[in-house]
Amino acid sequence: MDNKKSYSSEENKLKESTNPNDNNSLSTEGYDKETTPINKAENLAKPKSFEKKENSITKFKYWKSAIILSIIIILSIPIFLGIKNNNLIKSFSNTVYPESYVLDKDLSGLTKDTLHTTLETLIGELGNTKIKVNIGKKIFETTYKDIDVTIPYDEFEKKIFDYGKDQSFFTKINLIKKPVKKDYEFEFAYSEEKFNNFLATIAADVNVAPVNSTININGGNISITESNGGYVLNSEELLANLKVAMKDISHKVELTLDTTLLPVEESIKKETLQGVQSRISTFTTTYKTGPSSVNLELATRNIDNILLMPGESFSCEQGIGPTTPENGFVLANTYVGGQIVKGYGGGVCQVSSTLYNTMLRGGIIPFERQNHMMPVSYVPMGLDSTLADGFIDLKFKNDYSYPIVINSSASNGSLTIEFWSNDSVLKGLRYEPKSVQKNSLSADAYLYSYDANGTMVSEQFLDTSTYKPFPT
């Protein structure tokens, strides 16, 4: 049967049943719109397949809208969170990250300026921290402020301020939202000059200088004093302890350091000087009384009982000292520019010449010596030795394994200089210098050695001395 035709037939029947002129027709009064026969007929007239299709379309539109809305919401959440988190990160771009501490001080959220001010205040509060140094029963004190304790502000502040800012987005969020307490530590800096001054103050109080043995030879009698060791502050240990202790920045009241004294052994002991037993050489010259004798006798006293340890060198110029009026020297004849002129210290060259002959007889050859400008009368030509402050000197070195003592005396026109040491240094030999005059103004000097039988063992050329004639 054709559906369209069936639909029309049903519709006509319905219309006939609802004809108002028909007494058999049903009244519509009291029926709602949906339950009227017409609506019912319309509803009955729609095929079920069409109704299902319509419902399916409606449901599809609903779920489509719901899904779209859900997608929008889902996509909006990370965007919203991203914006929120980005703003959070930005809020810390110019401040210190959370849970940042120095000396239990929370630095979170501080700007660069407030961070610097806060750190300066913290370090300033530490200025009164005491540094106590214990040495035995003695206590010495200073403070952080006294030695200018500080920190490397720029470097330290950068370390705190830059923390976390070079990390990834999510790491930054984690550091801000779930921070872990971070304690920053630093090392103090201080004025080494001021701390060394503090050490010097301590050293001046606790140091005990060693006392060397001394030797004195008078009239052939030898007297030797006892020696004693000393103590000095162990500055290196104290400085090392300070650096270690100052790494612990928790000291806010007092920092205590314990240190020790180091023993210092005397450099010249009595048993060493006891090796000096006898005179190994001597030489004597004569002089006349006058201004030059004042200088000569003063210079002689200045070099008396000078001790030369093995390996030490002696400068006659330094031993005598500057020949100035402040040192007691007077004007006397000197050789200057080929002329005889008055000068302070005239006459001391006889002391150096006498010393030169003494050392040669002790088997010692100087490493610096110069003859006079013009010949002298108190020693043979070629065996003299002149001096000039700051220019000319007589120097020798003690190459023996025993000390040498210079013993000198001058009185009543006689100048004698002796070398005292141990007999063994000469090895049984006797030394004798000799001058061989070449002409009236030149001479060669030699040093000979002889054994106990008087047999010559060695001959050594020393040098040639050349002089100028006296002015006419």
Criterion violated by residue 345 - all others in (1) over 47 Å from the mean Cα position of the chain (by Cα); (2) closer than 23 Å to residue 438 by Cα; (3) buried (at least 22 other Cβ atoms within 10 Å of the Cβ); (4) of a type outside the set (Phe, Trp, Tyr) satisfied: (2)
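If you go through the range 139-155 one residue at a time, do you hit one that is over 27 Å from residue 205 (Cβ atoms) and part of a loop (DSSP other than H, G, I, E, B)?
Yes, that holds for at least one residue.
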Among residues of the range 433-472, those that are among the basic types (Lys, Arg) and touching a Phe, Trp or Tyr at 6+ places or on another chain (Cβ under 8 Å), counted: 1
Selection count, the range 275-301, where residues are closer than 17 Å to residue 355 by Cβ, of a type in the set (S, T, N, Q) and surrounded by fewer than 17 Cβ atoms within 10 Å (Cβ to Cβ): 3
Residue in the range 110-131 that is of a type outside the set (Lys, Arg), in contact (Cβ under 8 Å) with a residue 40 or more places away in the chain and exposed (fewer than 14 other Cβ atoms within 10 Å of the Cβ) present: yes
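Would you check which residues across the range 443-472 are out of contact with any helix residue (DSSP H, G or I) (no Cβ under 7 Å at 6 or more places or on another chain), closer than 26 Å to residue 367 by Cβ and in contact (Cβ under 8 Å) with a residue 60 or more places away in the chain and list them?
Selection gives 443, 444, 445, 449, 460, 462, 463, 464, 465, 466, 467, 468.
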Residues of the range 375-434 satisfying the condition of being within 12 Å of residue 279 (Cα to Cα), of a type in the set (Asp, Glu) and either surrounded by 14 or more Cβ atoms within 10 Å (Cβ to Cβ) or not assigned by TED's automatic domain parsing to the domain that holds residue 445 (or both): 418
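The values are calculated or read from the model by the stated rules, or taken from the named source; none is laboratory data. Since the structure is predicted, the reported quantities are computational estimates derived from the model, not experimental observations. Don't worry about glycine lacking a Cβ; one is built from the backbone with ideal geometry, like all the others, and counts go over all protein chains shown.
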